[in-house]
Each structure stands twice: as structure tokens, then as C-alpha cells.
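What follows is a single structure, written as C-alpha cells, with notes after it.
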Amino acid sequence: MKYEVVMGLEVHVELATESKLFCSCSAKFGAEANENVCPACAGMPGMPAVTNKKAVELGIAAALVTNSEITRTMFFDKKNYFYPDLPTGYQITQLFAPICRNGWVEIETGEGKKKITLKQIHIEEDAGKLVHDNRTGTSLVDFNRASVPLVEIVSNPDFRTAEEVVTYLEKLRSLLSFAGVSDCKLQEGSMRCDVNISVREKGSDKLGTRTEIKNMNSMKAIAAAIEFESQRHIDALETGSEVLVQETRRWDDNIGETFSMREKENATDYRYFPNPEIMPIVISDEWISAVRESLPETAQDKYIRLTQKLGLSEYDSSIITGSKNLADIFDETMKYFNKPKEVVNWIIVELLAIAKGDNKGGDDVKIDCKKFAKLIELVDNNTINRGVGKKLLSLVWKEGIDPDVYVKENNLGMVSDTDMIGQVIKNILTMHSKSVDEYKSGNQKVFGFLMGQVMRELGGKADPQVIKKLLTDLLAGK
Amino acid sequence: MNRVVLEDCIMQKGIPVTAGSKILENFISPLTATVVNKLLDHGNVIVQRAKMYEFGIPNFFTDDSDEIPEAIKVVKDGVADYSLCNDLFGKYRRNAAETGCCYIHPTYGTVSRFGLIPLVSSMDQIGVVCKSIPEGLKLLSQIAGNDLEDGAMFPEKFYDYAKNKQSISVGIPESIVNKADQETQSAIKEFAEKFNSVNVDLEYFDVYKQVMMILSCAEISNNISRYDGIKFGYRASGYKGIDDLYIKTRSEGLGVETKLAAIMGAMVLSKNQYTPYYEQATKIRRLIKESLRFDAYDIIVLPCCISEDPYENLSLFALPNLVGLPCASFSYKGQGIQLIANVKNENLISTAWEVCMA
């Protein structure tokens, strides 16, 4: 290949704090427009910024999991620009003394292992959201997201392929979500990625003209945007069909192309200066150790624990540790019912199937783990059979029923009385004598039909193992 | 029960607050300032809100010393016992002293700015117009103390301004005092004779006003950027598109002095000017702080006027704001003088006042 693609990433991650960065408004996603807004985050005068300590701690956590050098005296700066979604006319961010610098993240692709180096991570506040109403030709602004804390993770231009980019993002997502820094959801915008991309002839040490691509909200879109944009650069270089300019381009997922955002030339002087409202924050050794000690298990450590200590398969373990949410469900459920193989099986086979029916993936599954554990236990100790268990799971999922109570109230306990089951089987065999004849003449499939009839007669509550044994014996004429 | 007047930059929930600007017309305070709550807790009564120059920015280049702010008039005329305002450029200190009142500018970070319309965040400090320094400190002790709603404060919850020191030594910057008129010079001389006095050289005094101007304009340009006509306050009519909305609203809503400050501020923060202006001013600000020798004297004495040019006079008032020092101005022998002490040493100013007035 004649050309080399050079990319650097700016990844914005919303910090998982309860409240905003400089006021006590809720930082939760999904509220009504302008529900989580106070005078401070609406840009009104009179409320000095007071830093959310938890956000700084999550920033320290992000620094630790990315092997970064923490700035011992960090401070915030003001970045000035006018835009209706920016209530104060300035964004509080970090330019001069970001929380950390010079980190790295190791990724593994088909090409082997590689260290992606980071320039810096800084803490900043998010802006609000503009909604354009084409019907009336007006714009509406929602400040719920204004002043929600973010970290921006700025990498060096170390990426050469889309695969490296996606692998790095997956790795970051795993590191940050397991450390509790962020839930890192691309779709909800709690993780956003801008790609700086340029193309040069292989072997050259000079960088080509750089463009920045924005507005990708899935891994697929990121890979596709990189593919498109690098090809556009290569075409321009080869054919001279267009002159590349340094600019910001927006990815349109429907059309599958990038478009120039035509930013104004004069909008680029942000007049940064240190924020005098907020005192410099000293990050002591003690504070760093305290954050380090409070860090939860990483995905990698959890994978090792699941495979080596709990004896789970590599496949199951990788599914569980591929999502912070599933890993949390696993750990929480294990607190109430300590049989790892059973728990993993129920999560991967049953819970994910139900979730999929509701169009939810592993990151969005929510279940009451105590009830979930109870349900697994009821099946495991033969109080109910697995079929009843599955039905109950969907009731726990949908209606939050208590499995214990529900089983008792609806008399769903497993029937294991062999005399009674034997009697039912005899009745069924009499009713379906034709099928019995077919079975005897060698049609094994009929066995399943007969089992089903018996189970139905017993309201689905019988122990299938008992039915199977009795039915086999009776058909054999014993 | 003291009668207190609030200047129109201190918020009372539900009551309009404009900071003297058209851009905040019809803006209703969404909250009550911490100082107001503290005043009420101590049984004081808010009797009035005082009109003010837009955001408290005086005329930088035209002498307006005979225009007395309402916050001072009400105390002078006995309408109120005290008033609270935010003196950034010395106008209140000078006018208070010249009308026979006192102005106490407390140590930066000792009085909460929650509920104060911000102008220069690194210097904003609510101060007290009063009849005498000890009385003023009594009121100050009611409103001072750490507030978690203001992130740039000292941790102390209360301040005891009654502590006494037996002998006070005063520093007289003679070269500056000599620029004042004869009456003021002899008043300061008489004042100095009541104490151990030393001549002090205020290093960098010649650039105080420039440093003050650069830093305050930078912060003003930033702090008033929230007034954009989008969310609250004044919005011009007949705009076409968002840029036009900003330009018309701010052109019509802001006054000349504010615009001047905003333009200068935007200039000194711009990419090419940041290093020679803003950064340089920040460095000199630090040098000014380091140049003070409060081990050699307890308080510094300065006149309230050395020139007809308000920009020249700005240097006289810059030190407390740049370094965050407590300061008080008052009339002595009919002349306006001001005393500046080290951080949290308001009591020394009070002691000196009592000695000289005895």
C-alpha cells in the first residue's frame, strides 16, 4: 500500500457523577427538557462555581487506568465563545494544567499488541442541546446537559487503521466503565469520539492535511467514517480532484459521507484564561492512593477471576466481562446465590434472550438481582422446573414479581410424586394408543409428543427427569 | 436593629436586580445572597436597594468624582446605617471618604459572593459603607465567614475583628503621598505622627493601574458574556439570525464603559495579545504581592486622590483588589485617606482608626 493513514482521537466521556460539575443539579440522562437546571447552569449571574469533588475523583480514576502522570496542582480555565447552547458564554475546561498527561493504553489487534499514547486528559463541562423546530423556524435550547462533567481524552496521532481505533475505543470503554468513571454509551452520547485524520505517503515523516470528523454515534459509524474520509484524502492526493483543507467535517450516517461544517474562520480565538472563581486543586499522594484503593476490579482481572477461580469457560467469561453492566449483575446475583456456572448460564442464555426481545443489549439489561438469584435457586433445588423458571424470569423482568411468593400463591412447585405422575402417564397412553403403537413400531419422535402431553396435563410443573424415566419404563411395558 | 441598603448588584430572591444595566431589565433574582440572609439572621432590616453605575464600572477616563453613588448618599444622609456594595475601582472608597463616611473593603475570600452579580471574579468583594470603622466591622463580622456556595473563600466560619494590638506601625509611601494636594499631605503627616512610621517604597506602583485595567477588563469581558439575550434579561427586537441577535442585544443593552471594558478585555485575552498583556499582568500581580513587607509595618497609608485624571488615581485603589487585602477609607482632618493591612488584619485598621480619632 502506497499510503498511510494517521489518526489521533479526542474522546469525550461523561463522568458518572450524581450531580453537575459546578452546581448540585442532577446530571442524569433522560429528564424532561430543562428539568435539571438551576440559576448557575442556566448562566444566570450570582452563583460562583463550586467544584464537584466526585468529578475530580473520577478524573483521577481515569488517569490511573490510563497510566497517566497526574498533575499535582490542577486548575480550571475559561474558554470563551458565543453559542446559544453555552449558557454563560464560556466553557469551564482545562488548558494550562489538565488533570493528567502522558498516559498510554495497550490494545491488541490482528497485527499484535500496540501502545496508544495519550497527550492528556482534561475535565470540562458539557454544553446544552439545541433543538431546531423547522415548523416554526425557531430554535429551542435544553440546558439539562449544560455543565454535566466530562473528561476529554486526547491521544497522540498513533492510529493507522480503523481497527486500531475501534479496538482502542472498546478498551477505553472497558477500562472506564469498570472503573466506574462513566457508563460510556455511544448511543446516549455519554461517550463521543472525534477523529483527526490525515493521509501521507508511506515512509514519509511529514503529516498530510488534517481534517476532524465528528458526529459518529456507533462503532460501525466510526469505522465507516474513517474508511470514507481516508479514501477521500487518497483520491484527492492521487487525482487532484479536490484540494484538501484543514477543517471539521460532520459524518452523515444515512448518506455514508462526511460533509464540511464550514466553521467561521474568526470563531477560533477562544480567549482562554485561568478561571479565577475556582481555586487550584491540589491532588495529594494520599488522595491518589485513596482513589486507587477504591477502584473496582478491572475487566481483565475479573476475566482472570472468572476463568481461573470460578472455573467458568473463556467464552462465558468474555461475555460477562465485555459489559460492565452484565459483570455487575453477575457479581450482585452471586451475593445471593453462589453457584457461578448456574448464574452465568441464566444470564447468558435466558436473561439476554428476554432482553433481546425488548430490544436491549447487555449494557441496558436491568434486573432485581436478589429476585433473579432466588429464581435460579428455586430451579437449582428442584422447587420448580426450568420451564417454570423461564416464565418466572420474564415476570420478574416485566412486573418485578417475587419468585418465592409467586410460586407459592400459584402453586407452581414441581410435581415429583411418582405415583401421581405414573397415573397421569397411564391415562395419556390410553388416550393416545395410536401414538404408542407408532412408538413401538420404531418412531422415536413420538416420545417427545407424549412427554409434552404428560407435562401439559401436569400444568408444566412436573420434574421432566421423572416423567422421562417413568414414560420410558411404561412404554417398555415395565 | 440596623437599617441596611443593598446596592443593586446584591440579590434578593423574587426582587428585580439590574446591576444598573439595561441588559438585565426585568431580571428577577432567582436567589437570595448569603450576605442578605446573614444580615436578616442578625436582625438587620433591608430598607432600600440603591441605584448604581452599570455593573459598578465608573468612568475610566473622565472625572466623575462629584457624582456620588446612591449607596454612599443614603448613609451620608442618614437614610440608612450601612450599605453594601462592590468597590472595584476605588470610586466608593474615594467618595465615601470625601463625604465623611467610611468604606471597608474586607479581605478577599472572607465575605461570600453567592448572590453578588459577578464582574471581576478574582477581585469581587462585598464591602460596607458605614459611619465609623468599628461600627462597620461590627456589621462585617455578621456577614463574613466561609460559605460553601462560594468556592474561593478562606475556611474560617467567623472573624473576630475586636482583637487589639498595642502599638501600630504605619508605612507611608512618601513619593506617592507627595503627589496629593497640600491639605492631604499634612493630614497624612499628622496621622503618621501618632504612630511609629516608616517610609515605604511601593514597588511597581507606576504600573498598578495598567495591571488593574488589563486583569479587570479581561474578567469583565468574560463575566458579561452571559448577557446574550438568549435566556433572560434584555433582548433586542428585529434581529436576523443568531449573530444579529447577539450584536443588537449587546449593542443596545450595554453602556459605553462596559463595552469599552469588554473590548479591551477581549483584546488582552486574544491569542496574539495574551502573553504580552494578560499573562504579563498576572506575573506582575504576583510580584506586587511578593513586594509587600508587612513585617516592617502593619498598615500602609495612601491618599484617595493624587490627580484629576481618574486613570492615574486608579493606582491608589488597585493594591487591595490585586492582592486581596483589607482596606478602609475615611475622612481624616477633612481629607480622604485609606489604610491597607495584611490579609485578615482588619482589626489593625480599626485600632489605627481609634488611635487617630482619639
| note | Taking max minus min of the Cα coordinates of the range A:371-469 on each principal axis, largest first, gives extents in Å of 48, 24, 19
| remark: Against the 2.2 N^0.38 Å rule of thumb, the C-alpha Rg of the range A:3-282 sits at a ratio of 1.03
| task | Please report, in whole Å, how far the alpha carbons of the range A:418-475 spread along each principal axis, starting with the longest. | result | 29, 19, 18
| What average count of beta carbons from other chains do you get within 10 Å of the Cβ of residues in A:85-92? | 4
| request: Would you work out which of A:Tyr168, A:Leu186, A:Ser147 lies farthest towards the positive end of the dipole of the range A:133-194? Charges go on Cβ: Lys and Arg +1, Asp and Glu -1. | output: A:Ser147
| request: Working from the alpha-carbon coordinates of the protein assembly as shown, get Rg over Rh, Rh being the Kirkwood radius. | output: 1.13
| said: Given the range A:135-254, report the % of alpha carbon pairs whose separation exceeds 16 Å. | reply: 68 percent
| query | Mind listing the phi-derived Karplus ³J(HN,Hα) values for the range B:292-305, rounded to whole Hz, using 6.51, -1.76 and 1.60 with θ = phi - 60°, and x for any glycine or proline? | reply | 6, 10, 6, 7, 9, 7, 8, 9, 9, 10, 9, x, 9, 7
| ³J(HN,Hα) across the range A:450-462 via Karplus (A = 6.51, B = -1.76, C = 1.60, θ = phi - 60°), whole Hz, x for Gly/Pro? | 5, 4, x, 4, 5, 4, 5, 4, 8, x, x, 9, 7
| For the range A:418-475, size of Cβ-based charge dipole, Lys and Arg +1, Asp and Glu -1, in debye | 120 debye
| query | Exposure proxy check: B:Thr258, A:Thr117, A:Thr248 ranked by fewest other beta carbons within 10 Å? | reply | A:Thr117, A:Thr248, B:Thr258
| note | Cα pairs beyond 43 Å in chain A, in percent, come to 33 percent
| remark: the range A:3-282: antiparallel bridges as % of DSSP beta bridges, rounded to 5, reads 95 percent
| said: Using Stokes-Einstein with the Kirkwood hydrodynamic radius over Cα pairs, what translational diffusion coefficient do you get for the range B:274-326 at 10 °C and a viscosity of 1.306 mPa s, in µm²/s rounded to a whole number? | reply: 125 µm²/s
| Inter-chain Cβ neighbour average for residues A:46-55, partner chain, 10 Å | 5
| field | Amide proton proximity set for B:Phe114, modelled H, under 5 Å, gap of 5+ | value | B:Thr34
| said: Only four residue types carry charge here, +1 at the Cβ of Lys and Arg and -1 at the Cβ of Asp and Glu. Report the dipole size of the range A:297-409 about the Cα centre in Debye, rounded to the nearest 20. | reply: 180 debye
| Three principal axis extents, largest first, for the C-alpha atoms of chain B, in Å? | 67, 50, 38
| query | Taking other Cβ within 10 Å of each residue's Cβ, how do B:His42, A:His233, B:His105 sort, fewest first? | reply | B:His42, A:His233, B:His105
| How are the C-alpha pair distances of the range A:286-364 spread across 5 Å bins, as whole percents from the shortest bin up? | 3, 15, 24, 23, 15, 9, 6, 3, 1, 0
| request: Using only Cα atoms, figure out Rg for the range A:5-53 and give it as a multiple of 2.2 N^0.38 Å. | output: 1.51
| query | From the residues A:Ile320, A:Leu306, A:Val396, which one has its Cα farthest along the dipole of the range A:297-409 in the positive direction, the dipole being from +1 and -1 charges on Cβ of Lys/Arg and Asp/Glu about the Cα centre? | reply | A:Val396
| request: Order these peptides, B:229-235, A:359-365, by their mean beta-carbon neighbour count within 10 angstrom, highest first. | output: B:229-235, A:359-365
| request: Would you be so kind as to identify which of B:Asn313, B:Thr258, B:Gln280 lies farthest towards the positive end of the dipole of the range B:253-317, taking Lys and Arg as +1 and Asp and Glu as -1 on Cβ and the Cα centre as origin? | output: B:Gln280
| Roughly how many whole Å is it from the C-alpha centroid of the range A:1-80 to that of the range B:251-275? | 28 Å
| Sequence-distant residues sharing a close amide H with A:Gly103 (under 5 Å, placed H) | A:Glu69, A:Leu118
| note | Where a ≥ b ≥ c are root eigenvalues of the Cα gyration tensor, a/c under 1.5 meaning rounded, otherwise prolate if a/b exceeds b/c and oblate otherwise, the range B:48-177 counts as rounded
| query | Over what distance in Å are the Cα centres of the range A:283-313 and the range B:30-63 separated? | reply | 53 Å
| query | What's log10 of I(q)/I(0) for the range A:1-103 at q = 0.10, 0.22, 0.23 Å⁻¹, Debye sum over Cα points only, no solvent? | reply | -0.38, -1.36, -1.42
| note | With +1 at each Lys and Arg Cβ and -1 at each Asp and Glu Cβ, the charge dipole magnitude of the protein assembly as shown around its Cα centre, to the nearest 20 debye, comes out at 2040 debye
| What pairs from A:Lys391/A:Lys445; A:Lys206/B:Lys271; A:Lys391/A:Lys461; A:Lys339/A:Lys469; A:Lys28/A:Lys119; A:Lys366/A:Lys390 go past 19 Å between their alpha carbons? | A:Lys391/A:Lys445; A:Lys206/B:Lys271; A:Lys339/A:Lys469; A:Lys28/A:Lys119
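Where a number appears in this text, it was derived from the coordinates with a stated rule and is not lab data. Note that this is a predicted model, so its numbers are computed, not measured. All Cβ positions, even for glycine, are placed from backbone atoms using ideal geometry, and neighbour counts span all protein chains on display.
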